[in-house]
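Comments concern the structure below.
The values are calculated or read from the model by the stated rules, or taken from the named source; none is laboratory data. Keep in mind the model is a prediction, meaning the values are calculated, not measured. With ideal geometry, Cβ positions are generated from the backbone for all residues, glycine too; neighbour counts draw on all protein chains shown.
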């Protein structure tokens, strides 16, 4: 089955800097890759996703890139703000269920 | 759009009792709903997948007789934790997906504490 590895587990950046989180997946059949932001005590919030027929997608300060050959995808957050501090999860899905990475705790220092 | 609600947001129950958690899709029809469990500082663990009108499919290691899932309508799924024990204490999160849609939206979660 699918396995998703996520790095780093923790990331601390200064406000205004960029943050990059990387994930690798094992199943080449996976075709949908969402990213979720989870704040303490809340459910995950879908922030951006990408399908396997696209290499890059951007939404304001957030972008995701996908390298199907290498089976990895990354989340890029530019001009980070304190409110970006949260746990971020990547996930991969082929036919049915999402398989999640282990999560990255992002801390943005003001 | 794409709002999923859960009720209750937190619940405390005594060991041996049962607890029901409701999950609703508010502005779309959820043909597929998922139930996850999350321990502190850990990732989401899928417990089961349910399609409207069908029996739920449980992940390996999840006791179907203990975690009863019902998905009787396109907007409502319920998870009942039967004969709850302290080790069932966790954060339970539901998720929903529309037919033909790729996006999967999560509810706010329910904190269950079994004393």
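Screening region A:32-53 for residues that are surrounded by fewer than 16 Cβ atoms within 10 Å (Cβ to Cβ) and within 11 Å of another protein chain (Cβ to nearest Cβ) and picking the one that is nearest to the chain's Cα centre (by Cα) gives A:45. Restricted to region A:91-107, and to residues there that are within 14 Å of residue A:35 (Cβ to Cβ) and in a strand (DSSP E or B), the residue that is farthest from the other protein chains (Cβ to nearest Cβ) is A:106.
Taking into account only those residues within region A:1-25 that are over 22 Å from residue A:78 (Cβ atoms) and at pLDDT 95 or above, which is surrounded by the fewest Cβ atoms within 10 Å (Cβ to Cβ)?
Taking region A:1-25 as the starting set, the residues that turn out to be over 22 Å from residue A:78 (Cβ atoms) are A:1-5, A:24-25.
With the extra rule that they be at pLDDT 95 or above, the set shrinks to A:4-5, A:24-25.
Values: A:4: 24, A:5: 13, A:24: 18, A:25: 25.
Going through the qualifying residues, I end up with A:5.
Return the residue satisfying two criteria in turn: it lies in region B:84-115 and is more than 8 Å from chain A (Cβ to nearest Cβ) and part of a loop (DSSP other than H, G, I, E, B), and of such residues it is farthest from residue A:91 (Cα to Cα). For region B:84-115, the residue satisfying everything is B:115. Inspection of region A:72-90 identifies at least one residue that is under 16 Å from residue A:26 (Cα atoms), within 14 Å of chain B (Cβ to nearest Cβ), crowded, with 21+ Cβ neighbours inside 10 Å and touching a strand residue (DSSP E or B) at 6+ places or on another chain (Cβ under 7 Å).
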